[in-house]
Amino acid sequence: MTTPHPRHIELAPDPQSLAEKAVQHFLAAARSALAERDCFRVAVSGGRTPRLFFDLLGQDPAARGLPWDRIHLFWTDERYVPRDSEDSNYKLVADTLLARIPIPAENVHAVPTEHADILGAARAYEQTLCRVFCLEEDQVPIFDLVLLGMGADGHTASLFPYTYAPFNTEDRVCAVFKPAGDINRITLTLPVLRVARQLLVVVSGADKAGTLHTVLTQEPDAVQYPIHGLWPVLEKMIWLVDREAGKRLETGN
Ligand code: 6PG
């Protein structure tokens, strides 16, 4: 019988207050990193959930007043589509946040999906990580904050159930090939996510309630639920959950 890990879960009544909580955690992480290292390096996820977060962050006076010249923005994962595609996680952030903050273009490190092939794009993104974090060959970038979501299938970033990506521990970035009709992805791998100083997992919506209950109450199974791949660093994870997503947690069944 394993002892249950401590879980830092913050419940929010609705998506708006969930996004507001995420803004406050982002600002706290930024201030802490800037105070300690004069630099804040953060990786954000895409999808539907964080749109409101990015929108509120871009309107927040405290956020707009951050020293964005000392902040580097990366993505945890990206769909292998052009940057102007509605499916692009870069476009999501560009439309909601980047248009409103004075971050230098050279500090915005989008996954280079304009690359002719997905493997080349993954390698190029990894080279950007090495450059910005001044990494030696086998070093892993230590983000100050990683903002993650969780899919209804228990995936996070683009680490999907029953795929190799969660277990490809040699690379810091890898390509993820999805079935025909879906979009191939590029993702940070578990070794990178695990060494982050803080992981903020934002989960919203009734469609996540069952999986969130399973993930937080059952023995870890990273093949079926790749977010369990982060269980070795559960103490660094903060879960922001709205009422719909957390309703199974409250009732315990
Ligand atoms: C993506 C995200 C992905 C997301 C989950 C949850 O590219 O879609 O990076 O990992 O966090 O799929 O997505 P929703 O917020 O849309 O439910």
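FYI, it's all coordinate maths here, none of it is from the lab. Predicted, not measured: the structure shown is a model, and the values here were computed from it. Virtual Cβ from ideal backbone geometry, glycine too; neighbours counted across all protein chains shown.
Sequence gap at least 6, Cα distance under 8 Å: using those rules, report the relative contact order of the chain to the nearest whole percent.
Here the relative contact order equals 24 percent.
Assuming a ≥ b ≥ c are the square roots of the Cα gyration tensor eigenvalues, decide whether segment 97-147 counts as rounded (a/c under 1.5), prolate (otherwise, with a/b larger than b/c) or oblate.
oblate
Given the rule -39500 (n - 2.57) for each run of at least 4 DSSP H residues, summed and divided by the residues of the chain, what is its mean residue ellipticity at 222 nm, to the nearest 500 deg cm²/dmol?
Result for the chain, helices only: -9500 deg cm²/dmol.
What FRET efficiency do you get for residue 152 and residue 94 if R0 is 30 Å and r is their Cβ-Cβ distance, rounded to the nearest 0.05?
The computed FRET efficiency comes out at 0.70.
With r defined as the distance between the Cβ atoms of residue 115 and residue 217 and R0 fixed at 30 Å, what FRET efficiency is calculated, to the nearest 0.05?
It comes out at approximately 0.15.
So how strong a dipole does the chain carry about its Cα centre when Lys and Arg Cβ are +1 and Asp and Glu Cβ are -1, to the nearest 20 debye?
400 debye
Rank 163, 76, 217 by mean-square fluctuation in a GNM of the chain with C-alpha springs under 10 angstrom and give only the top-ranked residue.
Result for the chain, Cα springs under 10 Å: 217 fluctuates most.
Among 140-151, 35-46, how do they line up from the highest to the lowest mean number of other beta-carbon atoms within 10 Å?
Ranked by mean Cβ neighbours within 10 Å, highest first: 140-151, 35-46.
Starting with the fewest neighbours, write out 21, 236 ranked by other beta-carbon atoms found within 10 Å of each beta-carbon.
236, 21
Would you mind estimating how fast segment 4-55 diffuses translationally, via Stokes-Einstein at 25 °C and 0.890 mPa s with the Kirkwood radius over Cα pairs, in µm²/s?
Stokes-Einstein gives a translational diffusion coefficient of 194 µm²/s.
Counting alpha carbon pairs within less than 8 Å and at least 6 residues apart, what relative contact order, in whole percent, applies to segment 80-145?
Once normalised by length, the contact order is 22 percent.
Taking H as built 1.01 Å from N, whose amide H comes closer than 5 Å to the amide H of residue 46, not counting residues under 5 places away?
77
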